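Participant: Below are the structure tokens for one structure; questions will follow.
What follows is calculated from the coordinates using simple rules that are stated; it is not laboratory data. Bear in mind the structure is a predicted one, so any value in this text is a computation, not a measurement. Positions of Cβ are generated from backbone atoms using ideal geometry, with glycine treated the same way; all protein chains shown enter the neighbour counts.
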Amino acid sequence: MTIKRYADLFIYLNSIGLVVHLFIGVGGKNSKGLLPSLLSLDHRYIWFPIATYLVFFTLSALTILLMKYIETKRNK
């Protein structure tokens, strides 16, 4: 698996995870109940999970852009 394919996979999973966690919530196999959606939490505490999703989304997007740039430089 190349870095670009890994970044593509991660960017899609991360964006789906953000939407699900933001609106629906996330449940675990061994957890007692469902982690609530981020919108239902206190507004002072929701910035960290959202910022984490955005940081990893940005890292994946930058990796994809860097790989495309390297590929175009190599083809010239």
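Participant: Nearest 10 degrees, 0 to 90: what angle lies between the long axis of helix 47-75 and the longest principal axis of the chain (Cα atoms)?
Facilitator: 10 degrees
Participant: In debye, nearest 20, what is the charge dipole magnitude of the chain about its Cα centre with +1 on Lys and Arg Cβ and -1 on Asp and Glu Cβ, if you could check?
Facilitator: Computed charge dipole of the chain: roughly 340 debye.
Participant: Sticking with this one: Figure the gain on full extension for Y6 and F23 (residue separation times 0.36 nm, minus the Cα-Cα span) and round it to one decimal in nm.
Facilitator: My answer for the length gained is 3.5 nm.
Participant: Sum up the charges of everything whose Cβ sits under 12 Å from the Cβ of Y69, counting Lys and Arg as +1 and Asp and Glu as -1, but leave Y69 out.
Facilitator: +4
Participant: What do you get for the angle between helix 3-23 and the principal long axis of the chain? Use alpha-carbon atoms, 0 to 90 degrees, nearest ten.
Facilitator: Tilt relative to the chain: about 20 degrees.
Participant: Please give the contour-minus-distance gain from F56 to E71: 0.36 nm per residue of separation, less the Cα-Cα distance, rounded to one decimal in nm.
Facilitator: Extending this stretch completely gives an extra 3.1 nm.
Participant: Using Cβ counts within 10 Å as a stand-in for footprinting exposure, how do L66, L38 rank, fewest first?
Facilitator: The fewest-first ordering by Cβ neighbours comes to L66, L38.
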